[in-house]
Amino acid sequence: MAEIAVDVQNIVKHYGSFVALNDVSLSIQDNEFFTLLGPSGCGKTTLLRSIAGFEEVTEGKIFLYGEEIEDLAPHQRPINTVFQHYALFPHMTVHDNIAFGLKRLGKSQAEIDKTVKEMLALVQMEDFGNRRTNNMSGGQMQRIALARALAPKPKVLLLDEPLSALDLKLRQAMRDELQKLQRDTGITFIFVTHDQDEAMSMSDRIAVMSNGQVQQVGTPDEIYNRPKSRFVADFIGDTNIVDVTIEATDAKSTLYRSKGGVGLQVERATDLTVGAEISINVRPENVVIVDAGKGRADATLTHKSFFGRTSIYSMELNDGTLIKSRYSSRDELGRKEMAIGDSVGIDFAADTLAELTS
Amino acid sequence: MSTAFEKSARTRWLALSPTYLIIGIFMMIPLCIMIGISFMEQNVYGGVHPNVSFAAYQQILFETDFDENLVFDPSYLVIIGRSLLLAGIATVVTVLVGFPVAYYIARQNERRRNLLIFLVTLPFWTNMLIRIFAWLLILGRGGVIDAPLRFLGVLDADGSLGLLYSPGAVVLGLTYTYLPLMVLPIYASLEKLDFRLVEAAADLYSNKWGAIRHVVIPLTGPGIAAGAILVFIPCMGDFITVDMLGGAKNLMLGTLVQFQFSTARNWPFGSAVAAILLIFVICNMLLYARFTRAERQRSGS
Amino acid sequence: MSAPRKTKAKGAGNVAHFKSLYVLVGFFYAFLYFPIIVLVAYSFNTGTRAMVWKGFGIDWYVKVFTNGAILDAAKNSLLVGLIATILATTIATAGALALARGGAFRGKGVSMGVMTLPLIVPEIVTAVATLMFFSAIGLNLGLGNLIIAHTVFCIPFAFMPIRARLEGMDTYMEQAACDLYATEWQAFRYITLPMMMPGIIAGATLSFVISLDDFIISLMVSSAGTTTLPVYIYSMIRNGISPEVNAISTVLFGVSLALVTIYWIASKPRK
């Protein structure tokens, strides 16, 4: 197993009576692109700022490569941050911005000049050394902020929603660049965002947070396809969630019964016992529309929305539960036209179902 | 992270202590002493006798006649009334002039706006004494206004319209001096105003003046109120304008106070008048604070 | 309006626009600057009577710059202004840091009130209160008394632009510095201080202008040897208006003008 870069142990953070972080524990591995994902106010930024040293934690410990750091001031931690709005020093040139950390660390002038040059090359801004940072575009400021934070060769780089101020096209280009930069430098990145696409496309692993707690940690695939809680399933992408009771189970299959009485027989075992009340989750793209009577359950088509690349079909099960199915336009070719009110059957592969226990 | 000033109360108060020290010792204590002196007896050679006395306040309403009887004497009430009236007129005039000017400036593009505002503030920061002196050259006997009239024969060779040393001259001077203080806050609130609201009013069958009356003025109310306070208070206590353009006949509170210290040598009475002036100011500030609080509550932020 | 002019149906078009407003605005600016123009014009009058035009010349400027009493008063004004500015700016800078960077703390409102008290109290009241205070405690430091009085009323003028600058400054800047291994002191020295400098310059300039222009407090507090320029000008006006007053007033006006322009440039928010 890889070395652990940042180990967060039972962190609690109070602001007066408000609990921003409620017993958070996380292990972030060396050379990992790790993302903290969650809606605003979930505690992700507070966690990042606690690691950087801008917030004093109320309880708990933070280790950086085995060394306890939660009591150190920000300038004593070999961690650098890319701030949301870059926080470039407006009264300094680009060169001086990037050299700032190196100077504080007491590096020689020769070494500083050399590193600054390297960093400018790394972010493809070689000709900007003597420029001031005002009047630069968002993308350019973003690169300089990255170069400045990377110049002191931190053990961990923290990125606080760094792409949120950029426009869509630039944001997508910067995603690839950030990923490449992480691979090239080998520095552990901890990235904070509320944008699930950003998190899914860049990260090695994601921690989904809400209400000051970590809901689930996993690879993008795990988070998307095997969410453990209703919050995670719902927060990431579109989904179908049905509240059910486990009616029967054996080694090969399980029968789920919805509140309204619709039964769903699925060929998979469960760790849960009969009578357990849970929710089940199937992504719309995994729901297949078949002829009535041929699927796992029957439904009526109630609505169809065309989005260009995809279409969404809304259906109602016999108990009124709403189920959505997403088809890409390519899969639609040659399919027979359906009309609102048609009786259909719904089906899905057994392994696309996820049980949500909370 | 928080700055040292946020984390440590000691750092914070250490940084504030020179302010408290200087303003405390050299402003708050003097004001307390002044109020104390207003309750003392006058020493005819200047200074005071340290006896508790209400004579100074009595003097504002009554005069002691030859038989040592108190007789009601309205002459100081007249001065207070004149101060309120002239300051009030000046305030109204500055609103009437300042609002349209601020409106015009707020409708310009940014470059022109900045230039025009700069031109409004520029005279304000230059020496007030000199600006009022310039009016002396204009209004004075044989000045810029009289001279051409004499030349045209409207006036005699040494005749004068006698504009100077009149209440009108005082109002003119006060208006001139404090106009920027009215334009700036009104401009600040007009600049924030979304002029699409005027279009919305027009869309809803309001004519231009209706839109101004029902949309623009209510929304810039706080700016107008701020301007009124900023103009009224210094007008009440003004010395230079009243002294130079009003002459001896048109005393107001500021010149009355100064007179007590420079000529009459009646410190307790001067202090009492100054204290009354201070009370006017405090009442105004409180009124304004209440108004802005109500305004803030109304706008719900 | 700078919008391109188009032929419009009567009544249609920009509803927020009042066409003849510029006439009033023109009168307004003329009103504001007319006295100043008159003053400057008269200062070049060679005649011996202030209000009677004889001819153009700089005779009175020469008189002003060779008049020992005026030069002494000017020296007093500059000295008092300079020292009061340095003191007031230092005090206001420390106070502004505490108030703009101290978060929300108990006593903030009161501190704001104390800081701006000299702005609220009418000048004439401050003047007589200060006069009686110095007399009561028997303080007689000559120019020192004036310097103290000027420092007091300069503090809020120095404070306002400094605070405005600080509040417009992102605290993320200081955090970024600490993140890049700067101690708190280094973050202040290399980031906060240089970034608030335009505010400090603006505040100092404003203080200096205010001190230079002050009349009523100086009149009350100054004594025989410590006359400032405005007080001297006032006494000249009282003793009958000589053209010398026009010349010295124009000079003083020019100085204020230059300083206010510096203030305006320094206090402009940088983009």
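Values as computed for the structure displayed
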| item | result |
| --- | --- |
| Taking only Cα atoms of the range B:191-301, radius of gyration then Dmax in Å | 20.8, 66 |
| Contact order normalised by residue count of chain A, Cα under 8 Å, 6+ apart, percent | 15 percent |
| Sites matching trypsin sites (Lys or Arg not before Pro) across the range C:82-170 that sit in DSSP coil, with at most 12 neighbouring C-beta atoms within 10 Å | C:ARG106 |
| HN-Hα J in Hz across the range B:218-227 - Karplus 6.51, -1.76, 1.60, θ = phi - 60°, x for Gly and Pro | x, 6, 9, x, x, x, 5, 4, 4, x |
| Equivalent-ellipsoid semi-axes of the range A:4-233, from the Cα gyration tensor, Å, largest first | 30, 20, 15 |
| Global form of chain B, assessed from the alpha-carbon gyration tensor, a/c cut-off 1.5 | oblate |
| Kirkwood Rh, angstrom, the range B:114-173 [1 / mean 1/r, Cα pairs] | 13.1 Å |
| Residue among C:ILE216, C:ILE86, C:ILE37 with the largest mean-square fluctuation in a Gaussian network model of chain C, springs linking Cα atoms under 10 Å | C:ILE37 |
| Over the range A:12-57: Kirkwood hydrodynamic radius from C-alpha pairwise inverse distances, Å | 11.5 Å |
| Straight-distance crosslink candidates among lysines, where the alpha carbon sits under 24 Å from A:LYS107 and sequence neighbours closer than 8 are dropped | A:LYS117, A:LYS153, A:LYS155 |
| Residue order, fewest to most surrounding Cβ atoms within 10 angstrom, among C:TRP53, B:TRP209 | B:TRP209, C:TRP53 |
| Karplus 3J(HN,Hα) series, Hz, for the range C:199-207 with 6.51 cos²θ - 1.76 cosθ + 1.60 (x for Gly, Pro) | x, 5, 4, 4, x, 5, 4, 4, 4 |
| The range B:35-124 - Rg over Rh from alpha carbon coordinates, Kirkwood radius | 1.33 |
| Cross-link pairs beyond the 26 Å C-alpha cut-off, checked among B:LYS7/C:LYS268; A:LYS44/C:LYS108; A:LYS44/A:LYS228; A:LYS13/A:LYS180; A:LYS228/A:LYS294 | B:LYS7/C:LYS268; A:LYS44/C:LYS108; A:LYS13/A:LYS180; A:LYS228/A:LYS294 |
| Residue mean of other protein chain beta carbons inside 10 Å, B:30-41 | 4 |
| Equivalent-ellipsoid semi-axes of the range A:174-270, from the Cα gyration tensor, Å, largest first | 36, 14, 11 |
| Antiparallel bridge percentage (DSSP; both residues within chain A; nearest 5) | 75 percent |
| Longest exposed-site-free window of chain A, the sites being GluC sites (Glu not before Pro) in a DSSP loop that have at most 16 other C-beta atoms within 10 Å | A:57-266 |
| 222 nm mean residue ellipticity, helices alone, for chain A (DSSP H n ≥ 4; -39,500 (n - 2.57); rounded to 500) | -7000 deg cm²/dmol |
| The range A:112-182: translational diffusion in µm²/s, Stokes-Einstein, Kirkwood Rh over Cα pairs, 25 °C, 0.890 mPa s | 192 µm²/s |
| Crossing angle, helix A:109-122 versus chain A [Cα axis fit, 0-90 degrees, rounded to tens] | 30 degrees |
| Amide H partners (placed H, <5 Å) of B:ASP73, local residues excluded | B:PHE62, B:GLU63 |
| Volume per residue that the Cα convex hull of the range A:1-133 spans, once the total is divided by residue count, Å³ | 151 Å³ |
| The range C:63-267: relative contact order as a whole-number percent, Cα under 8 Å and 6+ apart | 33 percent |
| Relative contact order of chain B, pairs being alpha-carbon contacts under 8 Å that are 6 or more residues apart, as % | 23 percent |
| Cα gyration tensor shape of the range C:21-60, rounded if a/c is under 1.5, else prolate or oblate by comparing a/b with b/c | prolate |
| Residues of the range B:262-277 with amide N under 20 Å of the 7 Å Cα→Cβ point at C:ASN140 | B:262-263, B:265-267 |
| Overall form of chain C per C-alpha gyration tensor (a/c, 1.5; a/b vs b/c) | oblate |
| Compactness of the range B:71-138, expressed as Rg and Dmax over alpha-carbon positions, Å | 17.8, 63 |
| Sorted peptide list for B:70-83, A:80-93, criterion being average Cβ within 10 angstrom, highest first | A:80-93, B:70-83 |
| Per-pair calculated FRET efficiency, R0 = 41 Å: C:SER223 and C:TRP185 via Cβ, rounded to 0.05 | 0.40 |
| Most mobile listed residue (B:ALA90, B:ALA15, B:ALA200) in chain B, GNM with C-alpha springs under 10 Å | B:ALA15 |
| Projected area, mean over directions - the protein assembly as shown, Cα convex hull, nm² | 56.2 nm² |
| 0 to 90° range, to nearest 10: angle between helix A:94-104 axis and chain A longest Cα axis | 80 degrees |
| Rounded to 10°, Cα long-axis angle of helix A:138-150 versus longest principal axis of chain A | 70 degrees |
| Peptide A:315-322 - average C-beta neighbours from other chains (10 Å radius) | 0 |
| Mean projected area in nm² (Cα convex hull; one quarter of hull surface) for the range A:123-240 | 8.7 nm² |
| Per-residue mean of C-beta atoms belonging to partner chains within 10 Å, peptide C:131-140 | 5 |
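We did not get these values from a lab; they are worked out from the coordinates using the rules stated. None of the values given here were measured: they were computed from a predicted structure. All Cβ positions, even for glycine, are placed from backbone atoms using ideal geometry, and neighbour counts span all protein chains on display.
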